[in-house]
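Report on the following structure.
The values are calculated or read from the model by the stated rules, or taken from the named source; none is laboratory data. Small disclaimer: the values here were computed from a predicted structure and weren't measured. We place every Cβ from the backbone using ideal geometry, glycine too, and count neighbours over all the protein chains shown. Ligands, DNA and RNA are excluded from the accessible area calculation, which covers all protein heavy atoms including side chains. Shrake-Rupley method; radii C 1.70, N 1.55, O 1.52, S 1.80 Å.
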Amino acid sequence: MALQWCYGGTTIQTLKLASIPSSSSSAICSRLTPSRTSPFLIKALSSSVQPLVHSTTTSTGSVVKSQWKAAIDFKSIVENKSAVAENLKNRNSSADLELVIELYERLLALQKEVEDLRFERNTVANKMKGKVEPSERQRLIEEGKNLKDKLVTLEEDLVKLTDALQREAQCIPNMTHPDAPIGGEDNSTIRKTVGTPRDFTFSIKDHVQIGKDLDLFDFDAAAEVSGSKFYYLKNEAVLLEMGLINWTLSEVMKKGFTPLTTPEIARSLVVEKCGFQPRGDNTQVYSIEGSDQCLIGTAEIPVGGIHMDSILADSSLPLKYVAFSHCFRTEAGAAGAATRGLYRVHQFSKVEMFILCRPEESNAYHEELIEIEEELFSKLGLHFKTLDMATEDLGAPAYRKYDIEAWMPGLGRYGEISSASNCTDYQSRRLGIRYRPESSASPPKDTKKNKGRNLSPPEFVHTLNATACAVPRMLVCLLENYQQEDGSVIIPEPLRPFMGGIEI
């Protein structure tokens, strides 16, 4: 197996992999949560899973390969063209709205042409069922054959046009919350500031120097083994990583989240459906050569895929997950002193929160996620600010995104340590995750005649994701903020029970 490192669409490094080990799991104290029914049982309520390799069978029996289809509301795009165009402008998106509408109108016209031809073909077939003169029967046979040939061509054109429309329409980002600041990153607004920078009475070091003095990292050996932007953690740094992971999991589980460890390889299809571009220019995704698989850049991807192509029970919502995984990112285009050390690396451990909920609840759960993040970082004694990110800094799936930037004294600046995004139905329309709202009316008697009556039509869930702990950035914060004049580093009190009682 080979792993490609893509930069600007060009393969600049290929790593041969004999095998990729599964992620190491983190121990969790069993006392933290009582046993309860696993939400994975909800999968039994799901509809049948669609094949990952898509094909379309035409009415004439021919099979045409086609790409996966997102349940995009094209009618809404057309009816709200000006609002969609304004959203694209605010996000500085390169999506071609005019082409999408043109392709959609062509698709509608072609669909009508195909339907008319099918009706005509059926009419001919029905005429042949009765008593028909031999000459007339022969004429009908020829007419039916000609109609079939035309239909084959038109249906193949329909598949191609549908694929073209999907490719263009999938470039259109989510709509944006009306209160989100408009513009680039500099236009993002501060929602909240917690704490103040520590006043040091001695010359401070950055985390790279601290790690060197305390023998916590080895960047040089990692560069020889794996390349730049990789690292070995050593000694107490290993315990600090494990302590952070287990403490974060225990804190978030108390909020009602189900813990997961996830696959760290995902199909390219699932990566795309979550809103990432695994093979685009300047991709952040490592693709595995000769396969349809990628290394995940975040647990959001495999967690989002758990309920793919499912109809969830209304009573099961919200579904709250907290997932530990290793993450892999190419960091294409990243360079400079601001990315040195652990701040920007190709592989790291992360704890991610993910929620699936009813549409009317997603704004409230977005606030809940950012409050959990703020509570976690406050307990660790960090000075940070929460930002409402501007439109041009939003990823395609995000309706609204909050970032948290913490003060990193050794680097002399704030650095992003977390984000929380409300993706509304952008991902669920691609992943096929719906729920069936419970009807307020009394259920009908369970008879064959009443089967299926009074059932509400399924609706798409909303999805949200948030970083609970990105380990390397947290190591930067803790080492730099808790450094002492004698060169030692104090361990924050909440982490000590998860590090065998180590205080310094």
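Against the conditions (1) in contact with a strand residue (DSSP E or B) (Cβ under 9 Å, 6 or more places away or on another chain); (2) modelled with pLDDT of 95 or more, Val159 satisfies every one except (2). Ser310 meets the stated requirement of being over 23 Å from Val471 (Cβ atoms) and open to solvent by less than 10 Å² (accessible area, probe 1.4 Å).
Reported count of residues in the stretch 309-330, each being within 27 Å of Ile245 (Cβ to Cβ), more than 16 Å from the chain's Cα centre (by Cα) and at pLDDT 95 or above, is 1. If you check Gly341, Gly395, Gly336 for being at pLDDT below 95 and buried (at least 19 other Cβ atoms within 10 Å of the Cβ), only one passes: Gly341. Note on the stretch 74-104: among residues that are touching a residue at least 40 places away in the same chain (Cβ under 8 Å) and among the charged types (D, E, K, R), the one that is surrounded by the most Cβ atoms within 10 Å (Cβ to Cβ) is Arg91. Filtered by the rule that a residue be open to solvent by 60 Å² or more (accessible area, probe 1.4 Å), in contact with a Phe, Trp or Tyr (Cβ under 9 Å, 6 or more places away or on another chain) and not hydrophobic (A, V, I, L, M, F, W, C), the stretch 175-191 gives a lone residue, Arg191.
Pairing residues of the stretch 116-144 that are within 21 Å of Leu158 (Cβ to Cβ) with residues that are open to solvent by 50 Å² or more (accessible area, probe 1.4 Å) and assigned to a loop (DSSP other than H, G, I, E, B), at Cβ distances under 7 Å and at least 6 apart in sequence or on separate chains, gives Arg118/Ser59.
Only residues that are of a type in the set (S, T, N, Q) and within 19 Å of Leu495 (Cα to Cα): list them for the stretch 228-263, please. Those that are of a type in the set (S, T, N, Q) and within 19 Å of Leu495 (Cα to Cα): Asn235, Asn246, Thr248, Ser250.
A count restricted to the stretch 195-228 and to residues that are more than 20 Å from Gln483 (Cα to Cα) and not small (Gly, Ala, Ser) stands at 4.
The single condition among (1) at pLDDT below 90; (2) in contact with a helix residue (DSSP H, G or I) (Cβ under 6 Å, 6 or more places away or on another chain) that Ser442 does not satisfy is (2).
In the stretch 64-95, the residue that is farthest from Ser188 (Cα to Cα) out of those that are assigned to a helix (DSSP H, G or I) and of a type in the set (D, E, K, R) is Lys75. Considering the stretch 145-154, and only residues there that are in contact (Cβ under 8 Å) with a residue 40 or more places away in the chain and in contact with a helix residue (DSSP H, G or I) (Cβ under 6 Å, 6 or more places away or on another chain), the residue that is farthest from Glu120 (Cα to Cα) turns out to be Leu154. Of all residues in the stretch 398-407 being of a type in the set (A, V, I, L, M, F, W, C) and buried (at least 24 other Cβ atoms within 10 Å of the Cβ), which is farthest from Arg344 (Cα to Cα)? Across the stretch 398-407, the extreme among qualifying residues is Ala398.
If only residues of the stretch 252-281 that are farther than 23 Å from Tyr365 by Cβ and part of a helix (DSSP H, G or I) are counted, the one that is most open to solvent (accessible area, probe 1.4 Å) is Glu272. In this structure, is Thr153 open to solvent by 70 Å² or more (accessible area, probe 1.4 Å), hydroxyl-bearing (Ser, Thr, Tyr), within 22 Å of Met408 (Cα to Cα) and more than 27 Å from the chain's Cα centre (by Cα)? No; evaluated as a whole, the condition is false for this residue.
Among residues of the stretch 481-504 that are more than 18 Å from Asp213 (Cβ to Cβ), those with a Cβ under 7 angstrom from a residue that is assigned to a loop (DSSP other than H, G, I, E, B) and among the small types (Gly, Ala, Ser), sequence gap 6+ or separate chain, pair up as Pro492/Gly381.
The conditions of being crowded, with 22+ Cβ neighbours inside 10 Å and part of a loop (DSSP other than H, G, I, E, B) are not met by His366. Each residue in the stretch 198-225 was checked for being in a helix (DSSP H, G or I), touching a residue at least 24 places away in the same chain (Cβ under 8 Å), under 23 Å from Ala406 (Cα atoms) and open to solvent by 70 Å² or more (accessible area, probe 1.4 Å), and 1 of them qualify. Please list, ordered by first then second residue, the pairs with beta carbon atoms under 6 Å, 6 or more apart or interchain, first in the stretch 168-180 and in contact (Cβ under 8 Å) with a residue 24 or more places away in the chain, second open to solvent by less than 80 Å² (accessible area, probe 1.4 Å) and among the small types (Gly, Ala, Ser). Final answer for the pair search is Gln170/Ala70; Cys171/Ala95; Ile172/Ala95; Pro173/Ser93; Pro173/Ala396. Checked against (1) modelled with pLDDT of 95 or more; (2) more than 21 Å from Gly432 (Cα to Cα), Ile301 passes all but a single condition, namely (2). If the condition is being part of a loop (DSSP other than H, G, I, E, B), crowded, with 21+ Cβ neighbours inside 10 Å and not aromatic (Phe, Trp, Tyr), then the stretch 226-251 contributes only Lys229. May I ask you to verify whether Lys112 is open to solvent by 70 Å² or more (accessible area, probe 1.4 Å) and modelled with pLDDT of 80 or more? Yes: the conditions hold for Lys112.
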